[in-house]
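> The following block contains the structure, expressed as structure tokens.
Here, each number is a calculation from the coordinates, and none is a lab measurement. Everything quoted here is computed from the prediction, not taken from an experiment. With ideal geometry, Cβ positions are generated from the backbone for all residues, glycine too; neighbour counts draw on all protein chains shown.
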Amino acid sequence: MLLMAFVLKAQEAYWTNYTVVVAPEKVTTVYNLINDYYTANPQEGVTVSFWENHFNDHGNNSTHALIFSGSLDAMGKMYSQDGGTAWKLFLVQLNQQVEEGYSSNMGTRLSHNGDLAQDYPVQNYLIVHADNGAAFDEALSKLQKANTPEGTLNMMGTITSGRSPEGENRWVINGFKDFKGAIGGANAMRSPAEKTARTKSWKEFLDTKGESRVVRSGTRVRMGQWK
């Protein structure tokens, strides 16, 4: 159920996500395994990232996520490759350190606002069920295009496979450069005039997005990235 999608390059529009439960004493070992493998075996055109699920509700209890993002061609090529002995050994070693696999899913990124060239290692996420996906996409894109402060990132997209019975089909991510930004949120970076404009835009968003509900929310922290 938990979405962990992150994209850096403008041309990247597809992602896959694997969430797991890792005991605290094994996190360093898991990170080192991922780092060693993807440093030695970069995936052409694909960004690999490893995240900690930092703030979450009691039912959202995966601890980490391994995410792949890239163009459709690059993602297709990665999944079509065998990987050989090195890949099989990596999986065996990784599975020995992971307590359980929590979930897996995939989807797309539909839009972003903010400078993708900057780094946003702390991110607040929302997982949403939208009755009318097209209306939600259009309304949210319009809202964020006019209301994303400098130094922050907003992304949104779809979940196309791996949905839970809650029916989540959209995700929204707000990225920040540090915890101060994530705790204060984008509003803390807006001037009084920008806050007033955002309030007006928010009402328009509520009036045009159609019926929707939040399925999950939380905050994640990036531990590593390889590309």
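> Multiplying the sequence separation of Asp119 and Glu166 by 0.36 nm and subtracting their Cα-Cα distance, what value in nm do you get?
Once the chain is fully extended between Asp119 and Glu166, it gains 13.7 nm.
> Also, quick follow-up: With θ set to phi - 60° and the Karplus curve 6.51 cos²θ - 1.76 cosθ + 1.60, what are the ³J(HN,Hα) couplings of region 112-128 in order, to the nearest whole Hz, using x for Gly and Pro?
8, 9, x, 7, 5, 6, 7, 9, 10, x, 10, 9, 8, 10, 10, 10, 10
> Ordered by residue, what ³J(HN,Hα) values in Hz, to whole numbers, does region 32-46 give under the Karplus form 6.51 cos²θ - 1.76 cosθ + 1.60, where θ = phi - 60° and Gly and Pro are x?
Once rounded to whole Hz, the list reads 4, 4, 5, 4, 4, 5, 7, 5, 7, 10, x, 9, 4, x, 10.
> Right, next: Counting Lys and Arg as +1 and Asp and Glu as -1, what is the net charge of the other residues whose Cβ lies under 13 Å from the Cβ of Tyr31? Each step should come with its number before you reach the end.
Working: positive: Lys26, Arg222; negative: Glu25, Asp36, Glu52.
Summing Lys/Arg as +1 and Asp/Glu as -1 gives -1.
> Taking the Cα centre of region 103-227 as the origin, how large is its charge dipole in debye, to the nearest 20, when only Lys and Arg (+1) and Asp and Glu (-1) carry charge on their Cβ atoms? Don't skip to the answer; put the middle values down first.
Details: 18 positive and 13 negative charges, 50 e Å.
Rounded to the nearest 20 debye, it is 240 debye.
> Could you give the nm distance between label points at Gln81 and Lys180, where each point is 7 Å from its Cα heading toward the beta carbon?
4.0
> With r as the distance between the Cβ atoms of Thr108 and Lys195 and R0 = 45 Å, compute the FRET efficiency 1/(1 + (r/R0)^6) and round to 0.05. Don't skip to the end; give the middle numbers.
Numbers: r = 31 Å, r/R0 = 0.70.
With a Förster radius of 45 Å, E is 0.90.
> I want the local charge near Pro192. Using Cβ-Cβ distances under 15 Å, sum +1 for each Lys or Arg and -1 for each Asp or Glu among the other residues. Each step should come with its number before you reach the end.
Numbers: positive: Arg190, Lys195, Arg198, Lys200; negative: Glu194.
Local net charge: +3.
> Report the extension gain between Leu72 and Ala188 in nm, rounded to one decimal, defined as 0.36 nm multiplied by the number of residues separating them, less their alpha carbon distance.
Stretched fully, the Leu72-Ala188 segment lengthens by 38.1 nm.
> Hey, could you pull the Cα Rg and Dmax for region 7-105, both in Å?
In Å, with Rg to one decimal and Dmax whole: 13.9, 39.
> Modelling each spin label as a point 7 Å along the Cα-to-Cβ direction, I'd like the Ala23/Lys142 distance in nm, to one decimal.
Rounded to a tenth, the inter-label distance reads 5.3 nm.
> Further, regarding this structure: Show the residues, 5+ positions off or on another chain, whose built amide H is closer than 5 Å to the amide H of Ser111.
Met156
> Hey, another quick one. Just to confirm a number: summing +1 for Lys and Arg and -1 for Asp and Glu over residues other than Lys177 whose beta-carbon lies under 15 angstrom from that of Lys177, what do you get?
Surrounding charge for Lys177 is -1.
> Dividing the Cα radius of gyration by the Kirkwood radius, what Rg/Rh value follows for region 14-226?
Values: Rg = 18.2 Å, Rh = 18.5 Å.
Result for region 14-226 is an Rg/Rh of 0.98.
> Give me the angle, in degrees from 0 to 90, between the Cα long axis of helix 133-146 and the longest principal axis of the Cα atoms of the chain, rounded to the nearest 10.
Here the helix axis deviates by roughly 70 degrees.
> Among all the lysines, which ones have a C-alpha under 16 Å from Lys203's C-alpha, if same-chain residues fewer than 8 places away are not counted?
Lys142, Lys145, Lys195
> So if each residue of separation counts as 0.36 nm, and I subtract the Cα-Cα distance between Val92 and Asp207, what length gain in nm does that give?
Fully extending the segment from Val92 to Asp207 adds 36.3 nm.
> Describe numerically, in nm with one decimal, the distance between label points set 7 Å from Cα along Cα→Cβ at Ala40 and at His58.
The two pseudo-label positions are separated by 4.3 nm.
> About its Cα centre, what dipole magnitude does region 98-165 give when the only charges are +1 on Lys and Arg Cβ and -1 on Asp and Glu Cβ, stated in debye to the nearest 20?
220
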